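Here it is: the structure, laid out below.
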Amino acid sequence: MDALLVATIIQANVDAATAGFDDQVAFGPLDRPPPDIARRRVSVSRVADSLDLRFETVRRRINRLKTKGMIIADPAGVIVPESYFYTPANAATVLAIDDLAARTYRRLTHLGFFDGRPLPSPPDHPQEHPHRAVARYFMSYALRMGGEMRHLCGDYMNLLLVLNLSHLNTAGLGDARGTAADGPDSSPLVIDARKSPISIAALARESAVPFETTRRRLARLAEQNICRMVDGGYIVPADTLMTFALTLAPSNEMNLTRLYRNCAMVGAVAGWTAQAPLSEAS
C-alpha cells in the first residue's frame with residue numbers, strides 16, 4: 001500500500017513538469033529527475049480521493065513515510081523530494097522497470113501485438129536512454145489498470161491482498177508452469193491443483209497488513225468467490241483470474257498501446273531494439 005501511495009504522489013508531483021514529450025526527454029535520463037522547483041505538491045485529501053481510500057488511512061501512512069524520510073509533508077501538501085531519486089534503491093527500481101518494459105515489448109512483438117498497431121518514430125533520438133520517462137509512463141499504465149482492477153476486488157486493499165496471494169500461490173513454480181496436459185487448447189493459467197495454498201499469517205506478513213484485517217478481508221473475498229479456502233490456506237482460483245483477464249482485456253489493450261506509443265516517442269523503443277534486436281531476443 002505504501003508503494004501505491006508513493007507512486008501516486010510522484011505522478012501528481014511531476015504531472016505538470018513532464019506534460020510534453022520534450023519534457024519527458026529532458027527529465028528522462030537516470031541522473032536527471034525533475035528538480036524540486038518543478039514539482040507540484042498534492043494534498044492528502046486528493047491522494048485519498050484518487051485512490052478511493054479513507055482520508056485517515058492515507059494521512060496515517062503518509063506520516064509514517066514522512067518519518068522514514070521518503071516524503072515531505074507540510075500545510076501546502078506532500079511531495080517526494082528530488083533527493084529520493086538519487087538513492088541507489090530508486091535507481092535500481094527505475095532500471096528494473098525499464099528492463100520489464102523492454103522484455104514485455106519484445107514479448108508483445110513476438111506475439112504480434114504491434115502488427116496492426118505500428119509505433120511512431122521519435123521526432124528526435126535522445127543521446128541518453130530515457131529510463132525515467134519509461135518508469136513514469138509505466139507507472140501511469142499500472143495506476144490506470146490498478147484503478148480498474150480494484151473495482152473487481154472492491155477496493156485497493158483487497159486488490160493488494162488478491163495480487164499478493166496470486167503471486168505467492170505460484171511463486172515456487174518459476175517459469176516451469178506447464179503440465180503434461182499442455183496443448184494448443186490448454187489454459188494459459190496455472191491450474192489450481194499446482195498452486196501452493198497460503199496461510200492468513202503468511203499473506204498478512206508479505207502484504208504488511210495486520211493479521212485480523214487480512215483474515216476479515218479474505219473471508220469476504222471468499223464469500224464473493226474471488227479467492228478460495230482450501231486445505232492449507234487460500235488460493236486465487238484460475239476461473240477468477242480468467243474472469244479478470246477477460247473483463248480487463250479491452251482496456252488493457254488500449255492502455256498497453258498508449259504505453260508503448262509514448263515509449264516510442266521518447267526514443268525508448270529504439271534504444272531497446274538497438275540493445276537487443278528482435279531477431280536475437282525472440
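The values are calculated or read from the model by the stated rules, or taken from the named source; none is laboratory data. Everything numeric here is computed off the predicted structure, so don't read it as measured data. Positions of Cβ are backbone-derived with ideal geometry, glycine not excepted, and every protein chain shown enters the neighbour counts. Accessible surface is based on the protein model in full, side chains and every heavy atom, while ligands, DNA and RNA are left aside. Shrake-Rupley method; radii C 1.70, N 1.55, O 1.52, S 1.80 Å.
Could you list which residues have their amide H under 5 Å from that of Y234, counting only those 5 or more apart in sequence or on another chain, with H placed in the peptide plane?
Residues meeting the criterion, in which the H sits 1.01 Å from N, are I198, S199.
Accessible area of segment 1-112 with a 1.4 Å probe: how many percent of it is carbon plus sulfur?
Whole-percent figure for carbon plus sulfur exposure: 58.
So between F211 and R107, what do we pick up on full extension, going 0.36 nm a residue minus the alpha carbon distance?
Full extension from F211 to R107 adds 33.6 nm.
Using +1 at the C-beta of Lys and Arg and -1 at the C-beta of Asp and Glu, which of V134, T104, G147 has the Cα lying farthest in the positive direction of the dipole of the chain?
G147
So what is the orientation-averaged projected area of the chain, using the convex hull of its C-alpha atoms, in nm²?
16.5
Run a plain Debye calculation on segment 60-163 (Cα atoms as equal point scatterers, no solvent) and give log10 I(q)/I(0) at q = 0.10 Å⁻¹, rounded to two decimals, same order as the q list.
Taken in order of the listed q values, log10 I(q)/I(0) reads -0.45.
While we're looking at this one, here's another question. For the chain, with every protein chain kept in place, what is the accessible area per residue (1.4 Å probe, Å²)?
Ligands and nucleic acids excluded, the figure is 52 Å² per residue.
While we're looking at this one, here's another question. DSSP loop trypsin sites (Lys or Arg not before Pro) in segment 44-140 with at most 14 other Cβ atoms within 10 Å of their Cβ, which ones?
The qualifying sites are R54, K68.
7 Å from Cα along Cα→Cβ at both N252 and A171: what's the point-to-point distance in nm?
2.2
For segment 210-274 and segment 126-158, write down the distance between their C-alpha centroids in whole Å.
Between the Cα centres of segment 210-274 and segment 126-158 lies a distance of 12 Å.
As a test of the formula, what do you get for the chain when each DSSP H run with n ≥ 4 contributes -39,500 (n - 2.57) and the sum is divided by the residue count, at 222 nm and rounded to the nearest 500 deg cm²/dmol?
Numbers: 12 runs with 162 residues, N = 282.
Dividing the helical sum by the residues of the chain leaves -18500 deg cm²/dmol.
For segment 67-79, take each phi angle, set θ = phi - 60°, evaluate the Karplus expression 6.51 cos²θ - 1.76 cosθ + 1.60, and give the result in whole Hz per residue in order, putting x for glycine and proline.
Working through the residues one at a time gives 4, 6, x, 7, 9, 10, 10, 8, x, 7, x, 10, 8 Hz.
Please name whichever of A201, A91, L161 sits farthest to the positive end of the charge dipole of the chain, dipole taken about the Cα centre and charges placed at Cβ: Lys and Arg +1, Asp and Glu -1.
Highest projection toward the positive end goes to A201.
Let's see if you can work this out: charge +1 on each Lys and Arg Cβ, -1 on each Asp and Glu Cβ, no other charges. What is the dipole magnitude of segment 1-87 about its Cα centre, in debye to the nearest 20?
460
Roughly speaking, what is the centre-to-centre gap between segment 1-58 and segment 74-104 when only Cα atoms are used, to the nearest Å?
10
Here is a further query. Hey, what do the phi angles of segment 119-135 turn into as Karplus ³J(HN,Hα) couplings, whole Hz, using 6.51/-1.76/1.60 and θ = phi - 60°, x for Gly and Pro?
8, x, 8, x, x, 9, 9, x, 5, 10, 5, x, 3, 6, 5, 4, 4
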